[in-house]
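Notes follow once the structure below has been shown.
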Amino acid sequence: MNIRILKNEELSHAAGLSRYVFDACLRGRMEFTQSIPFIEDYISEINIRTMCSENRLIVWGAFEGEQLVAVGGMQPNGMITLLYVLPQYAGRGCGMNLLQVMRGYAKDMLHLTKVLVNVTPSWTSVYFKKNGFAPLNTDSAIGVPFVSMEAPTDAPGLQKKEKISGFTIFFATLSCVGFATIASVLFMLFYLLG
């Protein structure tokens with residue numbers, strides 16, 4: 001697996017992958033259907049390109065050979081807001097490797113001591129707990145409940161278990177529905193609150 005920050009010309013693929021995973025794994029299971037337009041807007045190519053060009057978002061890609069299989073995004077303050085893995089790659093270690101890379105980037109390049117994520121639905125926080133995140137609180141924004149969580153950037157276990165090129169990325173391979181739900185609601189929350 002090769003993980004690296006995406007080039008400008010690759011952002012359309014990142015947006016496409018995000019939209020595919022959202023449509024295939026999440027759209028039909030959204031508890032809060034009013035959030036769908038916000039998610040669609042956040043993961044749109046134009047929004048991703050704009051945020052990247054304004055240095056408000058860093059986007060990584062995980063590749064198997066030449067194929068983009070996962071994307072992740074983090075704001076310069078360490079807030080993880082974009083998390084998508086193709087369903088057929090869930091459970092293959094993409095999430096663990098992406099999380100390690102993202103936390104490492106936050107420490108080494110952004111000089112942060114922690115990364116943050118707002119997780120919804122709350123039951124998906126179990127995945128993040130297993131990966132070193134601790135809940136801060138249970139909260140709600142625009143009627144969508146979420147769990148705010150943080151993880152240190154220098155935690156044990158961040159050593160890479162396989163060769164990963166470039167800088168860091170994060171992704172949840174909880175399940176197609178789990179990580180897509182987390183990512184999509186994060187998109188909406190940080191688009192509205194960001």
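The values are calculated or read from the model by the stated rules, or taken from the named source; none is laboratory data. Computed from a predicted model, the values in this text were never measured in an experiment. Neighbour counts are summed over all protein chains in view; Cβ atoms, including those assigned to glycine, are modelled from backbone coordinates with ideal geometry. When the accessible area is computed, the model is the full protein with side chains, heavy atoms only, and any ligands, DNA or RNA have been set aside. Shrake-Rupley method; radii C 1.70, N 1.55, O 1.52, S 1.80 Å.
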- Item | Matching residues in region 57-97 - criterion: being surrounded by 19 or more Cβ atoms within 10 Å (Cβ to Cβ) and more than 23 Å from L112 (Cβ to Cβ) | V69, V85, L86, Y89, A90
- Task: Would you mind stating whether E45 is surrounded by fewer than 16 Cβ atoms within 10 Å (Cβ to Cβ), of a type outside the set (V, I, T) and at pLDDT 95 or above?
- Result: yes
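Given the options E10, E40, name the one that is acidic (D, E) and over 25 Å from G104 (Cβ atoms).
On the way: E10 fails: over 25 Å from G104 (Cβ atoms).
Residue meeting the stated conditions: E40.
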- Query: For region 43-75, which residues satisfy the criterion of being under 20 Å from Y20 (Cβ atoms) and either assigned to a loop (DSSP other than H, G, I, E, B) or among the hydroxyl-bearing types (S, T, Y) (or both)?
  - Reply: I43, S44, L57, G65, E66
- Query: Could you list, in sequence order, the residues of region 4-33 that are touching a residue at least 24 places away in the same chain (Cβ under 8 Å), open to solvent by 50 Å² or more (accessible area, probe 1.4 Å) and either part of a helix (DSSP H, G or I) or within 22 Å of N97 (Cα to Cα) (or both)?
  - Reply: R4, I5, N8, H13, R19, Y20, A24, R29
- region 76-103: number of residues that are part of a helix (DSSP H, G or I) and either out of contact with any Leu (no Cβ under 6 Å at 6 or more places or on another chain) or of a type in the set (D, E, K, R) (or both): 12
- Message: Looking at N118 and the list (1) farther than 26 Å from I36 by Cα; (2) open to solvent by less than 50 Å² (accessible area, probe 1.4 Å); (3) at pLDDT below 95; (4) not β-branched (V, I, T), which single condition is not satisfied?
- Response: (1)
- Message: Can you list residue pairs whose Cβ atoms sit under 8 Å apart, with the first residue in region 59-88 being at positive phi and the second being assigned to a strand (DSSP E or B) and charged (D, E, K, R)? Count only pairs 6 or more apart in sequence or on different chains.
- Response: G78/K114
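Per-residue answers, yes or no, for (1) over 21 Å from R49 (Cα atoms); (2) out of contact with any Pro (no Cβ under 8 Å at 6 or more places or on another chain); (3) surrounded by fewer than 17 Cβ atoms within 10 Å (Cβ to Cβ); (4) modelled with pLDDT of 95 or more:
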position	(1), (2), (3), (4)
L99	yes, yes, no, no
S125	yes, no, no, no
P135	yes, yes, yes, no
S140	yes, yes, yes, no
D154	yes, yes, yes, no
